[in-house]
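The values are calculated or read from the model by the stated rules, or taken from the named source; none is laboratory data. Remember, predicted model here, so these are calculated numbers, not experimental data. A quick note on method: Cβ atoms are made from the backbone with ideal geometry, for glycine too, and the neighbour counts reach across all protein chains shown. For accessibility, only protein heavy atoms count, side chains too; no ligands or nucleic acids. Shrake-Rupley method; radii C 1.70, N 1.55, O 1.52, S 1.80 Å.
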Amino acid sequence: MPAGSSVAVLGAGSWGTALAVLLCRNGHRVRLWGHEPAQIEALLRDRENRQFLPGIALPTAITATDSLEQALAGVSDCLIVVPSHAFRAVVEQLAKRIPASMGVAWGTKGLCPGSGVLLHEVAQEILGARPLAVVSGPSFAREVARGLPTAVTVASQVAAFAERVARLLHGERFRAYTSPDIVGVEICGAAKNVLAIATGIADGLGFGANTRAALITRGLAELIRVGTALGGRKETFMGLAGIGDLVLTCTDDQSRNRRLGLALAAGEGLVDAQARIGQEVEGVLTALAVHRLADRLGIEMPICEQVYRVLYDQVSPESATRALLEREPKPEFD
């Protein structure tokens, strides 16, 4: 990817803004699109995303706009960074505005709400035969925006497109590895958010480091079980997008999903906790999608199932934990 490319970043939340800053650091020009005119007006005025990424100055190479037409006009690449519930709507708008030859990448970590359909399947349905890629891995937005060392995976079934997106993002302190396993990478990026809610609940209940380690390890087993059933490669779950992102999201309070679990354990209601966090908590919708996906596939995911019960069946965190502890003993490796 030659320096000086023009890239549309669709989504002006914390992660979209951080990736826009990274792209500018790598010598590219960015059109940063958001759907709320008031937010974009504030970005242009303050040269800072005070709502979602305060304290990070926006480089002059970022142009913010609430017009999708302006964001996409003449760009060479497009990166979608919106919440999973908005993904389909944004892709539908994209289909009418980009050339058939343009590949599309996204940094969204989630599943199609309700159905559990993978996002690349949504993109294929709407955009047809074109290169698609997902960017995922252990990467908090603020640390990327500050230029702290980070490594992610870019997965695509088209190797040349994965390499193109990786070159776009790869920089002095940001490493981008490529993978052909878009299914495995997407499952990891989505379901780890549900497991982070579980570890937040456990830590909030005071269960300690032993419990946290057990939840992460057995949670990884759940990721592998569902991911390989869908065609993902087992080695993906041992890489950056798998165990790397899982450990990050489960153990650091920068994770919104972990913070939600902590709040639920403290007795705070779901709606109030989400409002206080103030940004999308992807694990909430993903818990429902994973529940339906596991049911459809006939796969046991007991940790994810108990998180679903807490979020959607009003089961208390204490009761959900007890249900996990009371499960019958079984071999660790089936």
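What is the distance in Å between the Cα centroid of region 255-330 and that of region 116-161?
Here the two parts' Cα centres lie 25 Å apart.
Report the antiparallel proportion of the DSSP beta bridges in the chain as a percent, rounded to a multiple of 5.
20
Using a/c under 1.5 as the rounded threshold, could you call region 225-331 rounded, prolate or oblate? The axes a ≥ b ≥ c are square roots of the C-alpha gyration tensor eigenvalues, and prolate needs a/b larger than b/c, oblate otherwise.
oblate
How would you rank 305-312, 182-189, 63-70, highest first, on the average number of other Cβ atoms within 10 Å across their residues?
Packing proxy ranking, top to bottom: 182-189, 305-312, 63-70.
On a straight-distance basis, which lysines could pair with Lys109 in a cross-link, Cα separation under 20 angstrom, same-chain partners fewer than 8 positions away excluded?
Candidates past the 8-residue exclusion: Lys192, Lys234.
Once you place label points 7 Å from the Cα toward the Cβ at Ser316 and Thr60, how far apart are they in nm?
Spacing of the two 7 Å Cα→Cβ label points: 6.0 nm.
On a C-alpha basis, how far is the centre of region 164-226 from the centre of region 49-98 in Å? Whole number, if you could?
25
Explain nothing, just the number: dipole magnitude of the chain about its Cα centre with +1 on each Lys and Arg Cβ and -1 on each Asp and Glu Cβ, in debye rounded to the nearest 20.
Values: 33 positive and 34 negative charges, 152 e Å.
Once rounded to the nearest 20, the dipole reads 720 debye.
Calculate, for the chain, the solvent-accessible area per residue in square angstrom, rolling a 1.4 angstrom probe over the heavy atoms of the protein chains.
It amounts to 42 Å² per residue over the chain.
In the chain, carbon and sulfur make up what percent of the accessible area (probe 1.4 Å)? Spell out each step's value before the answer.
Numbers: 7270 of 13980 Å².
Heavy-atom surface of the chain belonging to carbon and sulfur, 1.4 Å probe: 52 percent.
At 18 angstrom or more along the helix axis (alpha-carbon based) and mean Kyte-Doolittle of -1.0 or higher, what helices does the chain contain? Whole DSSP H runs only. Provide the component values of the computation, followed by the final result.
On the way: long enough: 182-204 (34 Å, 1.27); 208-229 (32 Å, 0.45); 282-297 (22 Å, 0.54).
Both cut-offs are met by 182-204, 208-229, 282-297.
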